[in-house]
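Asker: Quick one: the structure is below, questions incoming.
The values are calculated or read from the model by the stated rules, or taken from the named source; none is laboratory data. The model shown is predicted, which means the values in this text are computed figures rather than measured ones. Please note: Cβ atoms are built from the backbone with ideal geometry, for glycine as well, and neighbour counts cover all protein chains shown.
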Amino acid sequence: MKKKLLKSFVIVTLLMFVSLVYFIGCSDEATPSLYNPPSTTGTPEITSVDPPAVAIGAVTAITITGKNFSSDVSKMKVYFGDEAANILSASPTQLTVISPNVSGDMNIRVANQSSVAFSNSYQYTLTPAAEDFYPAAGDSVNRPYSFVFDKSDNIFSYNASLGVYQITPDGVATLYSPKSGEAYWTSMRFGPNGVLYGVRGSAQAIFTIPANAGGTVKNSVWVSLTPATIKIAKIEFDPLGNMWAAGKNTAIYRIKSDKSYVSFPFDYNVTAMRVFVDNGTTYLYVAAQGTSSTTIKRLPIDANGDLGTPEDYFDFSANYGAEYTINDMTFAADGTLYLATDLPSPIVYINTNKSHGLLYQGILLQSPALSITWGNGNYLYYVRTRMNETSGKFKLAQAIVKMNMLKPGAPYYGM
């Protein structure tokens with residue numbers, strides 16, 4: 001009996017095994033798996049970069065061309081050194097990025113999540129958008145207010161309570177003219193024969209320092225306007241050699257080289273002033289502060305040196321708020337106007353089509369700009385006010401900040 005049962009069990013087991021083999025052999029589908037390996041592409045490769053060698057860190061849009069990229073921005077990473085860039089757009093062959101806020105020589109590398117390896121390295125240089133130029137970090141004694149450049153790109157800076165210092169292009173500073181009775185100058189310009197002109201903002205006089213002052217010659221009065229209630233805060237030269245002077249008065253004053261002067265009615269507080277030639281017409285641009293708002297106006301200067309009718313150029317208060325002040329202005333050669341203000345992001349640009357914005361927002365420190373001047377090359381400079389802790393403790397020196405603009409400024413007249 002046991003032998004019969006064992007024989008039956010063997011037969012049944014054999015039949016079940018044969019059936020299983022049959023069904024497995026007839027199936028066309030692969031056995032499902034819990035592991036699903038990712039799809040991969042070739043290793044990313046950089047073939048070119050535009051601009052090809054140098055860009056301004058955190059400012060310039062950089063285009064990287066190559067292969068084995070992805071149109072899905074979330075799958076791509078671009079590194080400048082060890083810092084990731086901000087990817088603006090992506091395709092399988094091209095990436096447009098803004099670099100991180102770093103500077104120096106470094107490698108660009110591209111990573112694609114669908115690839116197991118980084119791209120080749122591309123040698124690149126990032127220059128800083130802005131950096132403190134003068135004085136040295138931690139120097140709380142030298143506090144620049146107004147400044148100008150000579151033709152050799154030396155800076156002449158009025159340092160509060162000290163006088164005028166000459167600063168070479170490599171940052172070496174020496175006393176040029178010791179202070180007289182003033183706290184500082186609110187505006188400075190070079191005139192003919194290397195004479196340096198300046199004003200205090202609280203007086204009706206214009207002062208001069210002769211060329212090659214040598215660190216011992218103090219400034220002296222060149223001309224004093226009347227009545228004594230006149231306050232001159234800003235000066236500027238035009239292509240005819242005339243000096244223009246203005247402040248919190250009821251007029252703008254034209255002063256000739258023989259010290260004769262005339263007034264042109266203008267009932268505003270002029271907080272900034274610059275001459276610029278636009279399409280063949282010479283204009284005097286001014287920041288005109290009224291009782292409740294500030295507007296940039298421009299006045300044509302005719303061949304006789306007379307001012308024409310003012311015209312509104314840009315409504316600053318309507319765009320940025322009546323509580324903010326324009327402290328200085330300058331132009332790029334392409335006609336873009338730059339304003340030094342007390343806005344949290346202090347430099348405003350105004351394009352020729354009147355579009356506008358904040359220069360290097362998020363890069364420049366949030367501290368008011370007192371004055372702004374273009375050097376002889378592609379760098380724009382401004383004075384950033386001293387920064388203190390909320391407790392009043394000194395934090396960061398008042399400094400001349402150097403900004404890389406990759407374009408030149410408009411000419412200054414008088415030199």
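Asker: Could you please let me know if residue 255 is crowded, with 22+ Cβ neighbours inside 10 Å and farther than 19 Å from residue 371 by Cβ?
Answerer: Against the criterion (crowded, with 22+ Cβ neighbours inside 10 Å and farther than 19 Å from residue 371 by Cβ), residue 255 does not qualify.
Asker: Any idea how many residues of region 174-192 are surrounded by 17 or more Cβ atoms within 10 Å (Cβ to Cβ) and either out of contact with any Phe, Trp or Tyr (no Cβ under 9 Å at 6 or more places or on another chain) or in a strand (DSSP E or B) (or both)? Outline the logic, then answer.
Answerer: Kept after step one, since they are surrounded by 17 or more Cβ atoms within 10 Å (Cβ to Cβ), are these residues of region 174-192: 176-177, 179, 182, 184-191.
Filter again for either out of contact with any Phe, Trp or Tyr (no Cβ under 9 Å at 6 or more places or on another chain) or in a strand (DSSP E or B) (or both), leaving 176-177, 187-190.
Residues that pass the stated criteria total 6.
Asker: Quick test for you: out of 90, 84, pick the one residue that is surrounded by 15 or more Cβ atoms within 10 Å (Cβ to Cβ) and either more than 30 Å from residue 212 (Cβ to Cβ) or at pLDDT 95 or above (or both).
Answerer: Just one listed residue meets the conditions, 90.
Asker: So, residue 140, is that one over 23 Å from residue 49 (Cβ atoms), in the same structural domain as residue 378 (by TED's automatic domain parsing) and either free of Cβ contacts under 8 Å to residues at least 60 places away in the same chain or in contact with an Asp or Glu (Cβ under 8 Å, 6 or more places away or on another chain) (or both) or not?
Answerer: Values: over 23 Å from residue 49 (Cβ atoms): yes; in the same structural domain as residue 378 (by TED's automatic domain parsing): yes; either free of Cβ contacts under 8 Å to residues at least 60 places away in the same chain or in contact with an Asp or Glu (Cβ under 8 Å, 6 or more places away or on another chain) (or both): no.
Here the answer is no, as residue 140 does not meet what is asked.
Asker: Answer with yes or no whether residue 407 is assigned to a strand (DSSP E or B) and either outside the structural domain of residue 283 (by TED's automatic domain parsing) or among the charged types (D, E, K, R) (or both).
Answerer: Here the answer is no, as residue 407 does not meet what is asked.
Asker: Follow-up. Out of all the residues in region 47-94, which are touching a helix residue (DSSP H, G or I) at 6+ places or on another chain (Cβ under 8 Å) and aliphatic (A, V, I, L, M)?
Answerer: Filtering region 47-94 down to residues touching a helix residue (DSSP H, G or I) at 6+ places or on another chain (Cβ under 8 Å) leaves 87, 89-90.
Passing the criteria: 87, 90.
Asker: Follow-up. For residue 382, all conditions in the list (1) under 27 Å from residue 153 (Cβ atoms); (2) of a type outside the set (Gly, Ala, Ser); (3) out of contact with any Phe, Trp or Tyr (no Cβ under 8 Å at 6 or more places or on another chain); (4) surrounded by fewer than 19 Cβ atoms within 10 Å (Cβ to Cβ) hold save one; what is the number of the exception?
Answerer: Against the list (1) under 27 Å from residue 153 (Cβ atoms); (2) of a type outside the set (Gly, Ala, Ser); (3) out of contact with any Phe, Trp or Tyr (no Cβ under 8 Å at 6 or more places or on another chain); (4) surrounded by fewer than 19 Cβ atoms within 10 Å (Cβ to Cβ), residue 382 comes up short only on (4).
Asker: Of all residues in region 237-252 being free of Cβ contacts under 8 Å to residues at least 60 places away in the same chain and assigned to a strand (DSSP E or B), which is surrounded by the most Cβ atoms within 10 Å (Cβ to Cβ)?
Answerer: Initial filter on region 237-252 (free of Cβ contacts under 8 Å to residues at least 60 places away in the same chain): 244-252.
Applying the additional criterion that residues be assigned to a strand (DSSP E or B) yields 244-246, 248, 251-252.
Working: 244: 25, 245: 27, 246: 29, 248: 16, 251: 19, 252: 24.
Selected residue: 246.
Asker: Same structure again: Of everything in region 386-404, what is modelled with pLDDT of 95 or more and either touching a Leu at 6+ places or on another chain (Cβ under 9 Å) or part of a loop (DSSP other than H, G, I, E, B) (or both)? Give them in sequence order.
Answerer: 401, 402, 403, 404
Asker: Which is more than 15 Å from residue 374 (Cα to Cα) and either under 17 Å from the mean Cα position of the chain (by Cα) or aliphatic (A, V, I, L, M) (or both), of 359, 343, 337?
Answerer: None of the other options fit; the residue is 343.
Asker: Return a yes/no flag: does region 263-284 have any residue that is more than 28 Å from the chain's Cα centre (by Cα), part of a loop (DSSP other than H, G, I, E, B), surrounded by 18 or more Cβ atoms within 10 Å (Cβ to Cβ) and assigned by TED's automatic domain parsing to the domain that holds residue 245.
Answerer: Yes, that holds for at least one residue.
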